[in-house]
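**Student:** Have a look at the structure that comes next, please.
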Amino acid sequence: MKKVVKFGGSSLASAEQFQKVGNIIHADASRKYVVPSAPGKRFSSDTKVTDMLYGCYELAVSGEDFTQKLEAIKARYQQIIDGLSLTISLDGEFETIYKNFSGKAGRDYAASRGEYLNGIIMAEYLGFEFIDAALVIRFREDGTFDDETTNELLAERLKDSCGAVIPGFYGSKEDETIVTFSRGGSDITGSLVALAVKADLYENWTDVSGFLIADPRIVKNPKAIETITYKELRELSYMGASVLHEDAIFPVRKAGIPINIRNTNAPEDEGTMIVEGTCRKPKYTITGIAGTDGFVSITVEKAMMNSEIGFCRKVLQVFEENNISIEHMPSGIDTMTIFVHKDVFEDKEQQVISGIHKAVNPDHIELETDLALIAVVGRGMKATRGTAGRIFSALAHAHINVKMIDQGSSELNIIIGVRHEDFKNAIRALYEIFVETLI
C-alpha cells in the first residue's frame, strides 16, 4: 500500500510539531511520500514564515536593508533544527536566498522558500530523499500549470524512491523560474504526487479532525463529517467551507484516490474520508452547511417576459460585458433575479442597470444589497422527503425571511438566500433541525 501524506503549516510550526509528524509517518510504513508546508503560527499572535518571507522580499525590492528580517526567518528554522537535535546547516541556503532577494528573483520565489527549507529539514529528520519541487512540478511559460508534464516528471522521479519529501506550494517553468500555486497550494502538490505514484490514499494532515458539518465559529461544537463525496465537497468549498484547497480535488478524483483529512494533534481520530462515491448511508439527511455573505440581487421585471425569446440571454450578456460572474439566477414568469458578489458589482452597477435597460427595456429593476447565500448539501437529501419543508420550517421558527431558494437538478444541494443580519442565525437554525433534532 502506498500513501502520500501532506502536512499543513500548523503541523510543522515548531520542533515539537515536527516530532508529532515524525511519529505519525514512522507509525505506518506505507507513508512513503511526504509533502510539507512552510512553518505556520506557533501561537495566535505569531507570524507565518510565508508572510515573513513576503515582508522580507518587499524590503529587498524597495532597496531597503532586509538583513534583519532574513535573520529572523533563519532563526525560526534554526530553532526547529536545534529542537530536533539535527546537525544540518542552512547557512548556504540563506546565502543563496540573500543573493536572489537582492537580485529581485520574484515574489513567487520568495514565498516558495518556506516550503523548500522545511522540506530539507523534514527529509533530514525522517531519513528520506529530498526532491526539490522545482524539478518535478512544471508550469508553462504563460504561468499556467502543466499537468501532463508534471505527472510524467513526478512519476519518473519517484518510481524507485523508498521515501521522499517533496515541498508543497511551488514548481517552476522550463527556464527554472519559480512559480507558486495560490495560498494553500501545498494541498495541490500532495494531490499531484498521489496521482503520479498511483497512491492508495492521500492523507492531508492539519489542525482539525476532518470536515465539520458547520462552521465552528458560528455553531458551537459542530459534529464531524465521517464520509463526504467529491461532489459534496465541491459544493461546500464553493460556498466557503475551507479545510482543503478546492483545486486539490481534481487530480485524485481523476484517479479515484480517496483523501483522508486527519488531525496532527489527534492522530487517533479517523477524520473525514473524501471519496468519489459511497453506498454508506449518511448519519444525517445533510452532509454539511456552508455559506458566505456579501451578495447583491438584481431583479429585472417585465410583463410577458416569458414569451420574449432571448430575454434572459440579453440580460446575462450585460453582466458578461461588464466582466461580472453570476452566482445564482432564480426566475418567475415576469421576473428574473441575478445574484452577484457585491464587491464586484458596486463599481459597475450603473453601467449594468443602463445596459439592461438598453437590452430588454424592463418595466422595473430592483436592487437589494447585503444578502447572504447558504448551501445545505447532502447526498441523503435525494432519498428524503420534505427536506425543503424542514428548511422553511426551521427558518420560519427562527423568524428569518427567505429571499431566495434554489435547488439543483442533482438534488445534492439547496441554496437559500437571506439577509446579512440573519446569516449566522440561519445556519444555526438549519444545523439544529437537521443534526440536533433527529426525526
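**Student:** For the chain, modelled as a GNM with alpha-carbon contacts under 10 angstrom, which of 84, 53, 12 fluctuates the most?
**Tutor:** Looking only at 84, 53, 12, the biggest GNM fluctuation is shown by 84.
**Student:** Over the stretch 214-337, what is the percentage of antiparallel beta bridges among all DSSP beta bridges, to the nearest 5?
**Tutor:** Counting only bridges with both partners in the stretch 214-337, antiparallel ones make up about 70 percent.
**Student:** Let me ask something additional. At a threshold of 8 angstrom on Cα-Cα distance, excluding pairs fewer than six apart, so keeping six or more, what relative contact order does the chain reach in percent? Kindly include the intermediate steps, with their values, before the conclusion.
**Tutor:** Numbers: 852 pairs, mean separation 58.1, N = 439.
Taking the mean separation of contacting Cα pairs over the length of the chain, I get 13 percent.
**Student:** Taking the DSSP beta bridges in the chain as the whole, what percent of them are antiparallel, to the nearest 5?
**Tutor:** Counting only bridges with both partners in the chain, antiparallel ones make up about 65 percent.
**Student:** Next question, about the same structure. In the chain, if the dipole is taken from +1 on Lys/Arg beta carbons and -1 on Asp/Glu beta carbons about the Cα centre, which of 5, 318, 96 is farthest to the positive end?
**Tutor:** 5
**Student:** Also, quick follow-up: Can you tell me which of 347-355, 303-311, 270-278 comes out highest on packing, and rank the rest after it, using the mean Cβ neighbours within 10 Å?
**Tutor:** Highest mean packing first, the order is 270-278, 347-355, 303-311.
**Student:** Further question on the same structure: So which of 20/99; 6/69; 223/403; 104/348; 99/173; 6/281 end up more than 25 Å apart by C-alpha? Display every interim value, and only then the final one.
**Tutor:** Details: 20/99 34 Å; 6/69 28 Å; 223/403 28 Å; 104/348 36 Å; 99/173 20 Å; 6/281 29 Å.
Among 20/99; 6/69; 223/403; 104/348; 99/173; 6/281, the Cα-Cα distance tops 25 Å for 20/99; 6/69; 223/403; 104/348; 6/281.
**Student:** A further question follows. With a ≥ b ≥ c taken as the square roots of the eigenvalues of the C-alpha gyration tensor of the stretch 213-356, please select rounded if a/c is under 1.5 and otherwise prolate if a/b is larger than b/c or oblate if it is not?
**Tutor:** Working: a/c = 2.55, a/b = 2.33, b/c = 1.09.
Here the stretch 213-356 falls in the prolate category.
**Student:** Name the shape class, rounded, prolate or oblate, that the alpha-carbon gyration tensor gives for the stretch 97-162, where a ≥ b ≥ c are the square roots of its eigenvalues, rounded holds for a/c under 1.5, and otherwise prolate holds if a/b is larger than b/c and oblate otherwise.
**Tutor:** Oblate is the answer for the stretch 97-162, as a/c is 1.5 or above yet b/c matches or exceeds a/b.
**Student:** Quick one: compute the contact order of the stretch 297-439, relative version, from alpha carbon pairs under 8 angstrom and 6+ residues apart, as a percent.
**Tutor:** Numbers: 186 pairs, mean separation 33.3, N = 143.
Worked out over the stretch 297-439, it gives 23 percent.
**Student:** Return a whole-number percent for the relative contact order of the stretch 135-240, with Cα pairs under 8 Å and 6 or more residues apart as the contact set.
**Tutor:** Values: 106 pairs, mean separation 20.3, N = 106.
Normalised by residue count, the contact order of the stretch 135-240 is 19 percent.
**Student:** A further question on this structure: Between the stretch 87-116 and the stretch 177-242, how many Å separate their Cα centres?
**Tutor:** Answer, in whole Å: 29.
**Student:** Of 373, 258, 145, whose Cα points farthest to the positive end of the dipole of the chain (charges on the beta-carbon: +1 Lys, Arg; -1 Asp, Glu; origin at the Cα centre)?
**Tutor:** Value: 258.
**Student:** Could I ask something else about it? What angle, in degrees between 0 and 90 and rounded to the nearest 10, separates the Cα long axis of helix 311-321 from the longest principal axis of the Cα atoms of the chain?
**Tutor:** Between the helix axis and the principal axis of the chain, the angle is about 30 degrees.
**Student:** Would you mind checking the tilt of helix 349-360 against the longest principal axis of the Cα atoms of the chain, expressed as 0 to 90 degrees and rounded to 10?
**Tutor:** Roughly 50 degrees, rounded to the nearest 10.
**Student:** A further question follows. Pick from 99, 382, 173 the residue whose mean-square fluctuation is largest in a GNM of the chain, springs joining Cα atoms under 10 Å.
**Tutor:** In this elastic network of the chain, the residue with the biggest mean-square fluctuation among 99, 382, 173 is 99.
**Student:** Highest mean first, what order results for 258-265, 14-21 on Cβ atoms within 10 Å? Mind showing how you got there, number by number?
**Tutor:** Details: 258-265: 20.9, 14-21: 18.4.
Sorting 258-265, 14-21 by mean packing, highest first, produces 258-265, 14-21.
**Student:** Of the accessible area of the chain, with the probe set at 1.4 angstrom, what percent is carbon plus sulfur? Before the final figure, lay out each step's value.
**Tutor:** On the way: 9580 of 20630 Å².
Reported share for carbon and sulfur atoms: 46 percent.
**Student:** Taking the Cα centre of each part, how many Å lie between the stretch 4-68 and the stretch 125-165?
**Tutor:** With the stretch 4-68 and the stretch 125-165 each reduced to a Cα centre, they are spaced 19 Å.
**Student:** Hey, what angle do you get for helix 107-126 against the long axis of the chain, alpha-carbon based, 0 to 90 degrees rounded to 10?
**Tutor:** Once rounded, one gets 60 degrees.
**Student:** So if I take the centroid of the Cα atoms in the stretch 335-370 and the same for the stretch 265-322, what is the distance between those two points in Å?
**Tutor:** The two parts, judged by their Cα centres, are 20 Å apart.
The values are calculated or read from the model by the stated rules, or taken from the named source; none is laboratory data. Here the structure is a predicted model, which is why all the values come from computation and not from measurement. Note that we place each Cβ from the backbone using ideal geometry, even for glycine, and neighbour counts take in every protein chain shown. Each accessible area value is taken on the protein alone, full model and side chains, heavy atoms only, with ligands, DNA and RNA left out. Shrake-Rupley method; radii C 1.70, N 1.55, O 1.52, S 1.80 Å.
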